[in-house]
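Student: Here's a structure for you.
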Amino acid sequence: MERKPLKYDAVIFDLFGTLVDIFSLEEYERLVVEMSAAMGISPGDFSSLWDEKADERALGRVPVAEQLRALCRELGVDVTPAQLERAVAMRVDFVRGVLVPRGDAAATLAALRERGFKVGVISDCSEEVVAAWPETPLAPLVDEAVLSAAVGMKKPDPRVYELACRRLGVEPAACLFVGDGGSRELSGATAVGMEAVLIRTPEDRGADAFRRDAEEWAGTRVAALQEVLELVE
């Protein structure tokens with residue numbers, strides 16, 4: 001039987017809220033309280049400055065430990081190396097704890113590769129994700145992972161999508177991008193010529209998660225990763 005030409009050459013996925021569950025605001029706020037307590041800082045003061053520096057972390061401009069040390073100086077708090085180490089460890093443990101593939105993630109990625117598609121990931125993330133990525137169950141199933149803290153760019157910057165395409169050896173028009181709509185990633189993907197799909201599973205917690213433009217999306221939607229296999233046939 002003659003094989004049908006592939007509709008796409010590659011499928012590129014977002015990470016948080018797509019291949020792994022997104023963490024809720026409640027979980028994030030609990031982490032902030034624990035980290036601030038470890039350093040002897042008021043949670044309110046810490047949270048405000050920590051959130052202001054989110055882009056710096058996502059772009060990999062300053063290591064988290066140095067950022068925390070600078071934050072303490074700004075608040076006039078003397079933090080010991082042990083306190084700082086404990087706060088960083090909390091952050092690392094939290095990130096590693098959420099890097100658990102969704103139930104159908106591994107099978108979907110494996111099926112795509114078996115069918116001849118290249119598989120990519122583009123994620124806005126901090127250095128902890130960059131360090132942990134190679135040890136995740138998803139890493140062997142992904143041909144190229146473009147992680148913002150490693151490349152100094154984040155969605156929806158067109159350059160980050162173009163970089164993923166170059167690494168995969170494909171044209172944007174031959175790519176399908178799948179994401180939960182955070183960071184305006186879907187409109188960013190379509191702006192460079194990709195087709196984009198919004199994933200919103202029944203378990204998603206809607207407003208209790210970090211998403212910005214998902215509700216504005218009028219394009220294709222799926223409720224499970226395995227549904228992507230039907231879109232590429």
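Since every read-out is calculated from the coordinates, none of them should be taken as a lab result. On a predicted model such as this, the values are computed, not experimentally measured, just so you know. So basically every Cβ, Gly included, is an ideal-geometry build from the backbone, and we count neighbours across all protein chains shown.
Student: Taking amide hydrogens as modeled 1.01 Å from N in the peptide plane, which residues meet the under 5 Å criterion relative to I12, leaving out close sequence neighbours?
Tutor: The answer is G120, L176, F177, V178.
Student: Determine ³J(HN,Hα), in whole Hz, for all residues of region 91-102 in sequence, where each value follows from phi through the Karplus function 6.51 cos²θ - 1.76 cosθ + 1.60 and θ = phi - 60°; x replaces Gly and Pro.
Tutor: 5, 4, 4, 4, 5, 4, x, 9, 7, 10, x, 4
Student: Taking the highest mean first, how do the peptides 179-185, 139-145 order by number of other beta carbon atoms within 10 angstrom per residue?
Tutor: Highest to lowest by the protection proxy: 179-185, 139-145.
Student: Ordered by residue, what ³J(HN,Hα) values in Hz, to whole numbers, does region 61-74 give under the Karplus form 6.51 cos²θ - 1.76 cosθ + 1.60, where θ = phi - 60° and Gly and Pro are x?
Tutor: Those phi angles translate into 6, 9, x, 4, 4, 5, 5, 5, 5, 5, 4, 5, 4, 5 Hz.
Student: Using just the alpha carbons, could you tell me how many Å³ per residue the convex hull of region 129-212 encloses?
Tutor: On the way: hull volume 9.6 nm³, N = 84.
Per residue, the Cα convex hull of region 129-212 comes to 114 Å³.
Student: Enter the angle in degrees (range 0 to 90, nearest 10) between the Cα long axis of helix 158-168 and the first principal axis of the Cα atoms of the chain, meaning the one along which they spread out most.
Tutor: It is inclined by approximately 60 degrees.
Student: Let me ask you something else. Just the number: Rg to Rh for the chain, Cα atoms, Kirkwood Rh, two decimals.
Tutor: 1.01
Student: In addition: Rounded, prolate or oblate: which fits region 25-98 when a ≥ b ≥ c are the square roots of the eigenvalues of the alpha-carbon gyration tensor, with rounded for a/c under 1.5 and prolate only if a/b beats b/c?
Tutor: Values: a/c = 1.28, a/b = 1.15, b/c = 1.11.
Taking the square roots of the gyration eigenvalues as a ≥ b ≥ c, region 25-98 is rounded.
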